[in-house]
Amino acid sequence: MTEFTVLIVDDEEGIRESLAGIFEDEGYVVLTAGSGEETLRVLKDQSPDVILLDVWLKGMDGIQTLKEIKDQNPDLPVIMISGHGNIELAVKATRTGAYDFLEKPLSLERVLLVARRALEKRTLEMENRALRENLAKKWKLIGTSQKIKQLREQLAGSSSGKEDL
């Protein structure tokens, strides 16, 4: 297994320690933070592969922290956790960019499963992006006919605006 790093953010030390132990037992590198502000400081120096983020934090709450994370790194998967969640909060979190929303008490198997899936999705997205970039570098359309121009426009729209095709 590739070594992945998980950042666990919860204002309850016991929850941070329990989750840290589970992820460490599974071979993950674990970082922890007790607040939204601390999370943002950690992200300046570290690059976790996935974040577990509690919604209810002292100071900056989890939703605001999620917004800040997504502004800085939109591709970083964030799994929201909450002991007092409801559907409205879960919808708000996912619309803000959360990968998933888990309610406490946490099922340890579910936490690991969701984290693995988030990492798999991120890995596939990164591979896909690299393949598209490589393909764009490898092949170049030549010609100036109207059909070639139309094809260039179509390709640019489907491949993240690559206009050098």
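The values are calculated or read from the model by the stated rules, or taken from the named source; none is laboratory data. From a predicted model like this one, the values you see are computed outputs, not experimental measurements. All Cβ positions, even for glycine, are placed from backbone atoms using ideal geometry, and neighbour counts span all protein chains on display. Note: accessible area is taken over every heavy atom of the protein model, side chains too, but ligands, DNA and RNA are not part of it. Shrake-Rupley method; radii C 1.70, N 1.55, O 1.52, S 1.80 Å.
Data table
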{"quantity": "Residue match in the range 89-100 (condition: of a type outside the set (Lys, Arg), open to solvent by less than 30 Å² (accessible area, probe 1.4 Å), at pLDDT 95 or above and part of a strand (DSSP E or B))", "calculated": "no"}
{"quantity": "Neighbours by Cβ (under 8 Å, 6+ apart or cross-chain): first from the range 121-150, open to solvent by less than 100 Å² (accessible area, probe 1.4 Å); second at pLDDT 90 or above and among the hydrophobic types (A, V, I, L, M, F, W, C)", "calculated": "Arg122/Val50; Arg122/Leu76"}
{"quantity": "Answer residue from the range 122-151, given it is assigned to a helix (DSSP H, G or I) and among the small types (Gly, Ala, Ser) and is nearest to Ala98 (Cα to Cα) among those", "calculated": "Ala130"}
{"quantity": "Scope the range 75-88; condition over 19 Å from Glu17 (Cβ atoms) and at pLDDT 95 or above; matching residues", "calculated": "Leu76, Pro77, Val78, Met80"}
{"quantity": "Single residue of Asp61, Asp45 found to be open to solvent by 40 Å² or more (accessible area, probe 1.4 Å), within 24 Å of Glu125 (Cα to Cα) and not β-branched (Val, Ile, Thr)", "calculated": "Asp45"}
{"quantity": "Test for Asp71: is it closer than 16 Å to Leu113 by Cα and surrounded by fewer than 19 Cβ atoms within 10 Å (Cβ to Cβ)", "calculated": "no"}
{"quantity": "Options Glu103, Glu120; residue that is within 22 Å of Leu19 (Cβ to Cβ), touching a Gly at 6+ places or on another chain (Cβ under 9 Å) and of a type in the set (Asp, Glu)", "calculated": "Glu103"}
{"quantity": "Residue selected from the range 1-27 under the condition free of Cβ contacts under 8 Å to residues at least 60 places away in the same chain and assigned to a loop (DSSP other than H, G, I, E, B), by the criterion most open to solvent (accessible area, probe 1.4 Å)", "calculated": "Met1"}
{"quantity": "Residue list for the range 22-71, filter: within 17 Å of Gly97 (Cα to Cα), within 15 Å of the chain's Cα centre (by Cα) and of a type in the set (Gly, Ala, Ser)", "calculated": "Gly62"}
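This table checks each residue for (1) surrounded by 11 or more Cβ atoms within 10 Å (Cβ to Cβ); (2) part of a loop (DSSP other than H, G, I, E, B); (3) of a type outside the set (A, V, I, L, M); (4) out of contact with any Lys or Arg (no Cβ under 6 Å at 6 or more places or on another chain).
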{"site": "Thr65", "(1), (2), (3), (4)": "yes, no, yes, yes"}
{"site": "His84", "(1), (2), (3), (4)": "no, yes, yes, yes"}
{"site": "Arg110", "(1), (2), (3), (4)": "yes, no, yes, yes"}
{"site": "Leu155", "(1), (2), (3), (4)": "yes, no, no, yes"}
